[in-house]
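Engineer: Structure below; questions to follow.
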Amino acid sequence: MALAIPSELERLRDGAKKLVNEFTLGQKAVVGVAFLAAIVAGIVFLHLSNQTPYTTLYTGLTASDSSAITQKLTSEHIPFTVADGGTTILVPQNDVYSQRVTLAQAGLPNQNSNVGLSIVSKEGITTSAFQQSVDLQRGLQGELQSTIEAIQGVSNAQVNIVIPNPNSLALNNSPSPSAAVMVTMQPQQSLTSGQVQAIVHLVASSVPGLQADNVTVTDAAGHLLSGPGSNSSLTEQDQATQLYDTATEQAIQSLLTTTLGPNNADVVVNAALNFNKDSKQIHGLLQNADGTVISTPNQINSQSETFSGSSPPPGGVAGSITTIAGSAGSNNNLVNTGNQENLTIGQYQEQINTAPGALVNQSVAVVVNSKALPKGVTVGALQQAVASAANINTARGDIISVQALPFSNASQVAQANAQAQANALARHNEITNALRAAGVLLVLAIILYFMYRSAKKPEEIVEEEPFGELEPGEDYLDEDDEFAQLEQSEEDLEMVPASANPFDLDLAEGIPHELETSSIGEFIENQPDEVARLLRAWMQETKLPGVTTPSNRQSEQQPA
């Protein structure tokens, strides 16, 4: 009968069953709870790691558009979330562009599809003149809304146009139309003064007879951006002045940072700009280098008269006949010549238009840190450099002042203290987290250690009945002596000839008669209890060289 050796899988299964059976009820409960906690932690980790990031699909939606889009996404089985009170819809990042195309095919969002001039084409021949005028006004408002919403940063626009009916009973009665525009901006966006003026002129140019002064523009917060009673030019002038001051301060600050280092200079610039539109005409004569006027003749007339004879030349008092004495019989010759020239004098005419925003004068104040002045650098040298950078012209009335004063380091100390506190807090958090993790690991290690010790309790030794009668004075083998002699017996069995093999004995306990020498080690390892019983029975009946039995030990210990 061959020895049945269990497979590796069966050995592992038996070992696991044996380990579980050795656990107490409390240990089994702890292991079960730990196993469930590990499963829950794994599920949560997988859920978080597989969670798809969401990104914005549309923002600034109206209530109707938000409802239509969410219904469309639900029908398409696309996950989404709603934020900002329903005005923003977020979808998985991988579905943003595809869903925008799909929703555009469905005409969503509908906020940009305002009523346009296409409404006029839907009118019939039975439409009244009043209805036609109302539809025309609605279509014009819708077209303006779509145009304004195309401006960058504008989320939504509402345009209302008022076109009064002329009174036919009054003479010269032509009331002017007016318009009101309200714009809703996207988050973190605002209209510049140039964009406001563009909206004003856009609306005024689209409505016949509408003047720009009659267009009112407001934002969603109710702030008046442009309209009757508001001076938008003052805002533009303030912005232009502020831009000039900022640009000049940055130029001077950059120059001083190169010399003194950062945070060692403070610059303030106040400039006065002229926003008047001046026009000047100058007339003058063209002159040569010597100062004479340049002239060119364009017409020359020459005249010559000649008189000869004995008669006296015409003379005397007009209206009377007078004979001049001594003139009779005299021979007279008279020649009269003359030249007349028309000259063209060189002239010039010059017209000068002064653009608004010219610099009238400016004042520059600079304070540098006296502790940061490099060796050899004087305040005068810094003032000359600043004057050149700011284009200071004293004849124009510009003022510059450069002073070296010690700077207070209170802000730097406060900043350093805040940074040190932040670093200390970060280190404290790191140490706390490390200690917390170490404590958790230590607790787990202690629990596992006690669980291991509880699982590895020494088995109670069950005394077995001997196979035969022991001689007086003999005792059972200890467990340590059993395994020590078991190893020794294995070595002795290899030295015993086949004829003296103790396994050839006929044992009634079911031990096989024949056993391969190569499988002795596996048999001893897999069935130590059977081997121990075999050795007990065998040592009581047979004595092998080198094997010490309890009776031999007792006999050896007795004196000869």
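Engineer: Report, by chain and number, residues whose modeled amide H sits under 5 Å from the one on Ala404, excluding near sequence neighbours (fewer than 5 apart, same chain).
Structural biologist: Amide H neighbours of Ala404: Val368.
Engineer: To the nearest 0.05, what FRET efficiency results for Val367 and Leu117 with a Förster distance of 56 Å applied to their C-beta separation?
Structural biologist: It comes out at approximately 0.35.
Engineer: Now for a separate question. Can you quote the Å³ per residue value for the convex hull of the Cα atoms in region 196-294, rounded to an integer? Kindly include the intermediate steps, with their values, before the conclusion.
Structural biologist: On the way: hull volume 26.4 nm³, N = 99.
In region 196-294, the Cα hull volume divided by residue count equals 267 Å³.
Engineer: In terms of modelled amide H atoms, which long-range or inter-chain residues lie less than 5 Å from the amide H of Tyr58?
Structural biologist: Hits under the 5 Å cutoff: Ile89.
Engineer: From the Cα gyration tensor of region 121-216, with a ≥ b ≥ c the square roots of its eigenvalues, which class applies: rounded if a/c is under 1.5, or else prolate if a/b is larger than b/c, or else oblate? Show your work: numbers first, answer last.
Structural biologist: Working: a/c = 3.45, a/b = 1.56, b/c = 2.21.
Oblate, because a/c is 1.5 or more while a/b does not exceed b/c.
Engineer: Please compute the length gained on full extension between Asn526 and Ile400, using 0.36 nm multiplied by the number of residues separating them and subtracting their Cα-Cα distance.
Structural biologist: This chain segment gains 35.1 nm when fully extended.
Engineer: Per residue of region 77-85, what does 6.51 cos²θ - 1.76 cosθ + 1.60 with θ = phi - 60° give for ³J(HN,Hα)? Whole Hz please, x for Gly and Pro, Karplus curve as stated.
Structural biologist: 6, 9, x, 7, 9, 10, 9, 6, x
Engineer: Rank by packing, highest mean first: peptides 437-450, 355-368, 286-299, with packing defined as the count of other Cβ atoms within 10 Å averaged across residues.
Structural biologist: 355-368, 437-450, 286-299
Engineer: Turning to a different aspect of this structure: I need the shape label for region 235-286. Rule: rounded when a/c is under 1.5, else prolate if a/b > b/c, else oblate, with a, b, c from the alpha carbon gyration tensor.
Structural biologist: oblate
Engineer: Just order 210-217, 392-399, 246-253 by mean Cβ neighbour count inside 10 Å, highest at the front, would you? Intermediate results must be reported in sequence, preceding the final value.
Structural biologist: On the way: 210-217: 18.4, 392-399: 12.1, 246-253: 15.6.
The peptides rank, most packed first, as 210-217, 246-253, 392-399.
Engineer: Suppose the chain between Ile43 and Gln419 were pulled fully straight at 0.36 nm per residue; how much longer would it get relative to their current alpha carbon spacing?
Structural biologist: Between Ile43 and Gln419, full extension yields an extra 131.4 nm.
No lab work stands behind these numbers, since they all come straight from the coordinates. Since we're looking at a predicted model, the values are computed, not measured. For neighbour counting, all protein chains shown are included, and Cβ atoms are generated from backbone atoms with ideal geometry for every residue, glycine included.
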